[in-house]
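To keep things clear, I will list the structure first and then write my remarks on it.
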Amino acid sequence: MKEQLVAKKILNWYDLNKRILPWRKNFSLQKRQYYTLVSEFMLQQTQVATVIPYFNRFIENIPDLKSLAKVENKKLIKLWEGLGYYSRVRNLKKTAQVVIKNFNGKLPGNFEDLIALPGIGNYTASAVLAIAFNKPYIPLDGNIERVLKRYLYLKKVNEIRKDNIIKKKSIFGSSSRSRDYAQALMELGALICKPTNPLCNQCPISKKCKSFKKNDFDLTKNIKKNIEKYFLLKVYKKDERYLLIKNTKFNFLKNLTIFPMEELSKPKNFNENLNFKMSNMKMNIKIQYLRNSKKFQSPYWISEKKLDNYMLPSFTKKIVKYLERN
Ligand code: SF4
């Protein structure tokens, strides 16, 4: 199938089947750019269905780039609470500040400037250029990669290497409706060419799809190595309150409020009290109850009864709940 025909078929399908998402409506240019930026940061590690209520709440509270640049961190983190990967929201605010300072409050519409902004990599820069600026970019997210791999039946290790995938995406051609086309490809992956049981009988490009012809939809997995780590978590309790500190030590949950912790290397006879999974890290946590909390310069003392009033990562909340149960 010629590239332009592929694009046409996918766009026709999209026009009839696209989901109505809060960041997809018809907005002024400025709003569209801001909404695309916020939604793309949220979608970096999170599913569409989870993002929708967060996005609506975020926009309601922080309606534009200017307010984002000067929003209080406390409010910002509260609005992000539950989405995880907090470095995303810190970078989002930093990006807003740079755009206000260096680009006169307008999101830059070229790849080099976008990719230099905090938290924006190849994928997000391409997505913003396509969706917010209608430029001919195809952002390679997991959905689009899956469609491409199945359509061309790319299974061998050298075929699924990133550089080859980038080269092969030219089979999707382009469209003057770049904004819609990028989203149409993502939507096709999300709704039709699903990870398991793709709905090929509803797919607009099934005729030329190699996986469909071979009736083989298995994908070669890129195995992300799981890592296992061990932590000693220190609990100081006074008058029904727990001591927490700001995390400046670990790369995960950076600058957020956690229990004091120490990483242990290859412990002997480690009997963990609880486990926690964070991205590809399995955390084995042993709890140590201690008394003398004087060494902490600016601790936060939190009460379990008021847990919902605090701006805490779910990791910390889960630990508090565990402590209360045990
Ligand atoms: S025909 Fe099936 S496997 Fe091929 S792209 Fe469409 S949904 Fe995916």
Query raised in the report: Within the range 54-70, is even one residue within 25 Å of Met278 (Cα to Cα) and out of contact with any helix residue (DSSP H, G or I) (no Cβ under 7 Å at 6 or more places or on another chain)?
Result: no
Query raised in the report: Out of the residues in the range 131-169 that are hydroxyl-bearing (Ser, Thr, Tyr) and within 16 Å of the ligand (Cβ to nearest atom), which is nearest to Gln44 (Cα to Cα)?
Result: Tyr151
Report task. Report yes if Lys238 is in the same structural domain as Pro260 (by TED's automatic domain parsing) and surrounded by fewer than 16 Cβ atoms within 10 Å (Cβ to Cβ), otherwise no. Result -> yes
Report summary line: Those residues of the range 209-235 that are within 9 Å of the ligand (Cβ to nearest atom), surrounded by 15 or more Cβ atoms within 10 Å (Cβ to Cβ) and either among the charged types (D, E, K, R) or more than 27 Å from the chain's Cα centre (by Cα) (or both) come to a total of 3
Report task. Determine the pairs where a residue that is over 13 Å from Glu3 (Cα atoms) and assigned by TED's automatic domain parsing to the domain that holds Arg150, located within the range 166-181, has a partner that is small (Gly, Ala, Ser) and buried (at least 18 other Cβ atoms within 10 Å of the Cβ) with Cβ atoms under 8 Å apart, the partner being 6 or more residues away or on another chain. Result -> Ser178/Ala130; Arg179/Ala130; Arg179/Ala132
Query raised in the report: Could you say whether any residue in the range 81-104 is assigned to a loop (DSSP other than H, G, I, E, B), within 18 Å of Leu129 (Cβ to Cβ), at pLDDT below 95 and under 15 Å from the mean Cα position of the chain (by Cα)?
Result: no
Query raised in the report: Going by the conditions given, is Tyr242 part of a strand (DSSP E or B) and under 23 Å from Glu81 (Cα atoms)?
Result: yes
**Report entry** Filter result for the condition that a residue is of a type in the set (Gly, Ala, Ser) and modelled with pLDDT of 85 or more, over Ser279, Ser293, Ser303
**Finding:** Ser303
Query raised in the report: How many residues are more than 29 Å from the chain's Cα centre (by Cα) and within 14 Å of Val147 (Cβ to Cβ) when one looks only at the range 175-208?
Result: 2
Report summary line: From the option list Leu199, Leu129, Leu154, single residue qualifying as at pLDDT 95 or above, closer than 17 Å to Lys221 by Cα and not small (Gly, Ala, Ser) is Leu154
**Report entry** Odd one out for Phe270 among (1) modelled with pLDDT of 90 or more; (2) more than 25 Å from Asn73 (Cβ to Cβ)
**Finding:** (1)
Query - Test result for Ile144, of a type in the set (Val, Ile, Thr), part of a loop (DSSP other than H, G, I, E, B) and crowded, with 18+ Cβ neighbours inside 10 Å - result: no
**Report entry** Identity of the residue in the range 170-205, among the small types (Gly, Ala, Ser), outside any loop (DSSP other than H, G, I, E, B) and touching a Lys or Arg at 6+ places or on another chain (Cβ under 9 Å), that ends up nearest to the ligand (Cβ to nearest atom)
**Finding:** Gly189
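The values are calculated or read from the model by the stated rules, or taken from the named source; none is laboratory data. Please read these numbers as outputs of a predicted model, since none were measured by experiment. As a convention, Cβ positions derive from the backbone with ideal geometry for all residues, glycine included, and neighbour counts pool all protein chains shown.
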